[in-house]
Amino acid sequence: MCKHAKIVPLTSCVLHIFSDCMVFNFIACEFLKQGEPTSARCDELESLRKRGCDKIENPHGSQRILKNKAVTNRKKGAEKLRPEDITQIQPQKLSLNLRAGEPQNIILRFKRAEDYPIDLYYLMDLSYSMKDDLENVKNLGTSLMKEMSKITSDFRIGFGSFVEKTVMPYISTTPAKLLNPCTGDQNCTSPFSYKNVLKLTSNGQQFNSLVGQQQISGNLDSPEGGFDAIMQVAVCGDHIGWRNVTRLLVFSTDAGFHFAGDGKLGGIVLPNDGKCHLENNVYTMSHYYDYPSIAHLVQKLSENNIQTIFAVTEEFQPVYKELQNLIPKSAVGTLSANSSNVINLIVDAYNSLSSEVILENSKLPEGVTITYQSRCKNGVVNEGENGRKCSNISIGDEVSFNINITAQGCPKQGKPESIKIKPLGFTEEVEILLNFICECECHKHGIKNSDMCHNGNGTFECGACRCNKGRVGRQCECRKDEVSTEDLDKNCRKDNGTDICSNNGECVCGTCECKKRDNPEERYSGKFCECDNFNCDRSNNKLCGGHGRCECRVCICDANYTGSACDCSLDTSTCLASNKQICNGRGNCECGTCRCTDPKFQGPTCEICPTCPGVCTEHKSCVQCRAFGTGEKKDTCERDCSYFNLIKVKDRDKLPQPVQAFPLMHCKERDANDCWFYYTYAVNNTEKEVHVVDALECPAGPDIIPIVAGVVTGIVLIGLALLLIWKLLMIIHDRREFAKFEKEKMNAKWDTTENPIYKSPINKFKNPNYGRKAVAL
């Protein structure tokens, strides 16, 4: 029988699908083939239908909402409601019937209620370094009540303090130091681990009064015992006075923290038990139990829906930021040196925490998985781990979560289970009851000690026998002690020399029960398990070519198919050419494929002729646009020219050469720029291939520089030549003039010694008295 399978007795094949398998039964029809085990009744739905089973029991998962109270639409100032009457998540309780592998989807709605009650517990470090902080906290009650009234009309506040474990080396255990751990004239109270000073109350004046009576204490080491205090605040709900409302824990300190393992320094080795140990509002077991671990704190804070606000000085911000990453729904604020900004810090941290909703679920039963998808504000959709949360939610905003819950199988006990889903930091939760579909309805109608099970040796249920203890066989016809006798084994051999059940099954009561394959589609059958439905011939890696079924290792082909692997189609429609002729009149149609008789023609219908005239011109435009992005079809290239594979080569020597296997045409074409390009066109087994040289061969253009240089040189040379000619002419002219002058000179008639027309520029005058004697008077 199939795992968890039960089938009703019907007079026709009946299949029941459930869990991780499907089940069928037969009475009138022979559903199981000879040798097939009863487990073969489990199969895929379509497979069983193909095998002729026409009545199928196929149970599906379902869900039912048991509690569906609508989310609260309440405005501030409206009639005050009790916390338990306020609803922020819907629905609150469901019941799911899960079938293996079939997810059930539920939708949860979440809406932040306005004026939702808040409980806030202020846990303060009272070591000596916090002395000035205590003075500011003494008036915190009324001030914080006034500020929080803007958010909610139902606010309560409490106060607790902590220092350190009261053993060495955390504190000094000398009698004087136990009374007053501070030095000098400072008056300090005795050291303590944790005190619950004030239970949650709505009386701000009482907070101020009791906190005003507190005194600073002291210890020796820098890290404090705050984790002990947090644990007690989380688990001592009755002492603290927590209600089922928003719970805030403000942890105020200016130092680090001790955690699990540090207790060994004081000889404390017992792990923290996570239980409440308050007597007279004082933690009494700090000397007995170690500090809690971070994981332990996370668990208890989550269980009790407490959101933590770490108000720490700037020096320890990095430490508590890392701690925030480990504690869901927690926040860190920077505390001023004297805690003067604590109110603003608390309000800002609350707004940050309350603007984010994160879903968590309790431990899931074995084999059950859960996935989340969040639909957040402004249509933001998150999946995976982020599918658990939504951020930036304001009061009155509504978000939803799609949750898929899937069972991978049936639990061992098959008993109902339950899980809980809740938003972190909120007290409300959704309870989901899980029922597993592990058997069919027909199991309820079994006939005990039925005559159909070999004289009442079994219960006939779901169309098959479930044998009584000590009986085996399909009809419970054998006892267990006679199953393996030699006489019965002979009935399971095809002949005396073969293996029992062809080594593909077991001999049960003299009848072969064939092995079950991992693949439910594959089966052994036959009297001796000598047949199977998966060892037939294959085509295209498909059994019987995908056009038949395998029976006893022989393909039974579908209509219009033949061959040992049903790979030969008798349909000739695939051989019709565009002219409606079979294989274009140039071939024969064999198994739906043309075999061309004319060697020039190729292709699926013998219409392609790679070596016929005009091939190069026909493909020129497509080759040009595909290879170079130019040509007539460059705008429609992708649409019109994707019918061939383009392969680029570096030069013409790399182009393929004609071979016997398939014809090939070499082409040389010229583009609009008078550039030549070279390519080959061939059809290789219906694949059209074009090899093209990736560089155009264009005519070389004029070389400008030599031309310019030649022109300039020519002009210079012509100029020089003209100058030389002019010079030569002038020389000739001068010589002729000089010769003419010489000739005229020779023919002159005047004295060559004196120019006849020359007139001297010198005039001579003579004094008439020059040379005479003087006369005395």
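The values are calculated or read from the model by the stated rules, or taken from the named source; none is laboratory data. From a predicted model like this one, the values you see are computed outputs, not experimental measurements. Reconstructed Cβ throughout: ideal geometry from the backbone, glycine too, with neighbour counts over all protein chains shown. Areas reflect the complete protein model, heavy atoms only, side chains present, ligands, DNA and RNA absent. Shrake-Rupley method; radii C 1.70, N 1.55, O 1.52, S 1.80 Å.
Taken as a whole, the structure leaves ALA709 outside the set of residues that are of a type in the set (Gly, Ala, Ser), surrounded by fewer than 17 Cβ atoms within 10 Å (Cβ to Cβ) and in the same structural domain as VAL623 (by the TED database). There is at least one residue in segment 648-657 that is assigned to a loop (DSSP other than H, G, I, E, B), modelled with pLDDT of 85 or more and under 46 Å from the mean Cα position of the chain (by Cα).
Against the conditions (1) surrounded by fewer than 14 Cβ atoms within 10 Å (Cβ to Cβ); (2) under 30 Å from GLN307 (Cβ atoms); (3) not small (Gly, Ala, Ser), ASN503 satisfies every one except (2). Taken together, the residues in segment 238-253 that are of a type outside the set (A, V, I, L, M, F, W, C) and either open to solvent by 30 Å² or more (accessible area, probe 1.4 Å) or touching a Lys or Arg at 6+ places or on another chain (Cβ under 9 Å) (or both) amount to 5. Among the residues here, SER95 does not qualify as part of a helix (DSSP H, G or I) and either surrounded by fewer than 19 Cβ atoms within 10 Å (Cβ to Cβ) or among the hydrophobic types (A, V, I, L, M, F, W, C) (or both).
Would you check if there is a residue in segment 688-700 being open to solvent by 90 Å² or more (accessible area, probe 1.4 Å) and either small (Gly, Ala, Ser) or under 48 Å from the mean Cα position of the chain (by Cα) (or both)? For segment 688-700, residues open to solvent by 90 Å² or more (accessible area, probe 1.4 Å) and either small (Gly, Ala, Ser) or under 48 Å from the mean Cα position of the chain (by Cα) (or both): present. For the condition more than 30 Å from ARG156 (Cβ to Cβ), modelled with pLDDT of 90 or more, in a strand (DSSP E or B) and in contact with a Pro (Cβ under 7 Å, 6 or more places away or on another chain), ILE65 qualifies. Just so you know, in segment 508-531 the residues that are closer than 19 Å to GLU46 by Cα and free of Cβ contacts under 8 Å to residues at least 60 places away in the same chain include one that is least open to solvent (accessible area, probe 1.4 Å), and it is GLU522.
Somewhere in segment 118-137, is a residue more than 44 Å from the chain's Cα centre (by Cα), acidic (Asp, Glu), farther than 19 Å from GLY225 by Cβ and not in a loop (DSSP other than H, G, I, E, B)? Scanning segment 118-137 turns up at least one residue that is more than 44 Å from the chain's Cα centre (by Cα), acidic (Asp, Glu), farther than 19 Å from GLY225 by Cβ and not in a loop (DSSP other than H, G, I, E, B).
Once segment 380-403 is narrowed to residues that are open to solvent by 50 Å² or more (accessible area, probe 1.4 Å) and assigned to a strand (DSSP E or B), the residue that is farthest from LYS422 (Cα to Cα) is VAL381. Selection of segment 412-459 for residues being modelled with pLDDT under 85 and among the β-branched types (Val, Ile, Thr) yields only THR427.
Residue-level check: of (1) part of a loop (DSSP other than H, G, I, E, B); (2) open to solvent by less than 50 Å² (accessible area, probe 1.4 Å); (3) not assigned by the TED database to the domain that holds ASN344, VAL167 misses just (3). So is SER202 under 20 Å from ARG247 (Cβ atoms), surrounded by fewer than 17 Cβ atoms within 10 Å (Cβ to Cβ) and either touching a helix residue (DSSP H, G or I) at 6+ places or on another chain (Cβ under 8 Å) or among the hydroxyl-bearing types (Ser, Thr, Tyr) (or both) or not? In short, yes.
Checking each residue in segment 440-463 for being touching a residue at least 40 places away in the same chain (Cβ under 8 Å) and either aromatic (Phe, Trp, Tyr) or buried (at least 21 other Cβ atoms within 10 Å of the Cβ) (or both) picks out CYS440, CYS442, PHE460, GLU461, CYS462, GLY463. The residues of segment 561-601 that are modelled with pLDDT of 85 or more, touching a helix residue (DSSP H, G or I) at 6+ places or on another chain (Cβ under 6 Å) and closer than 23 Å to ASN540 by Cα, listed by number, are ALA565, CYS566, ASP567, CYS575, CYS589, CYS594. Could you please let me know if THR284 is without any contact (Cβ under 8 Å) to a residue 12 or more places away in the chain, open to solvent by less than 50 Å² (accessible area, probe 1.4 Å) and in the same structural domain as ASN341 (by the TED database)? Spelling it out, THR284 is indeed without any contact (Cβ under 8 Å) to a residue 12 or more places away in the chain, open to solvent by less than 50 Å² (accessible area, probe 1.4 Å) and in the same structural domain as ASN341 (by the TED database).
Listed by position, the strands (runs of 3 or more DSSP E) enclosed by segment 548-609 include none that has at least 1 residues that are assigned by the TED database to the domain that holds TYR681. Restricting the search to strands (runs of 3 or more DSSP E) fully inside segment 423-518 and requiring at least 2 residues that are under 30 Å from SER362 (Cα atoms) gives 430-436.
Considering the conditions (1) closer than 23 Å to TYR350 by Cβ; (2) in a loop (DSSP other than H, G, I, E, B), GLN232 is excluded by exactly one of them, (2).
Counting only residues that are under 16 Å from GLY510 (Cβ atoms) and either open to solvent by less than 80 Å² (accessible area, probe 1.4 Å) or touching a residue at least 60 places away in the same chain (Cβ under 8 Å) (or both), segment 468-481 holds 7 of them. Taken together, GLN104, GLN90 contain a single residue that is of a type in the set (S, T, N, Q), within 21 Å of GLN408 (Cα to Cα) and buried (at least 20 other Cβ atoms within 10 Å of the Cβ), which is GLN104. For segment 220-237, residues that are modelled with pLDDT under 90, surrounded by fewer than 24 Cβ atoms within 10 Å (Cβ to Cβ) and not hydrophobic (A, V, I, L, M, F, W, C) total 3. Taken as a whole, the condition of being closer than 30 Å to LEU108 by Cβ and either surrounded by fewer than 16 Cβ atoms within 10 Å (Cβ to Cβ) or among the small types (Gly, Ala, Ser) (or both) applies to ALA407.
If you go through segment 191-240 and pick out every residue that is small (Gly, Ala, Ser), within 44 Å of the chain's Cα centre (by Cα) and over 19 Å from ILE118 (Cα atoms), you end up with 3. Among the listed residues ASP221, ASP185, which satisfies the condition of being without any contact (Cβ under 8 Å) to a residue 12 or more places away in the chain and assigned to a loop (DSSP other than H, G, I, E, B)? So the residue among ASP221, ASP185 that is without any contact (Cβ under 8 Å) to a residue 12 or more places away in the chain and assigned to a loop (DSSP other than H, G, I, E, B) is ASP185.
If you go through segment 540-599 and keep only what is farther than 25 Å from TYR524 by Cβ, in contact with a Gly (Cβ under 6 Å, 6 or more places away or on another chain) and hydrophobic (A, V, I, L, M, F, W, C), you end up with CYS594, CYS596. Only residues that are buried (at least 16 other Cβ atoms within 10 Å of the Cβ) and in a loop (DSSP other than H, G, I, E, B): list them for segment 410-422, please. Residues satisfying the conditions are CYS410, PRO411. Residues that are crowded, with 16+ Cβ neighbours inside 10 Å, modelled with pLDDT under 85 and out of contact with any helix residue (DSSP H, G or I) (no Cβ under 6 Å at 6 or more places or on another chain) within segment 337-371 comprise ASN341, VAL342, listed in sequence order.
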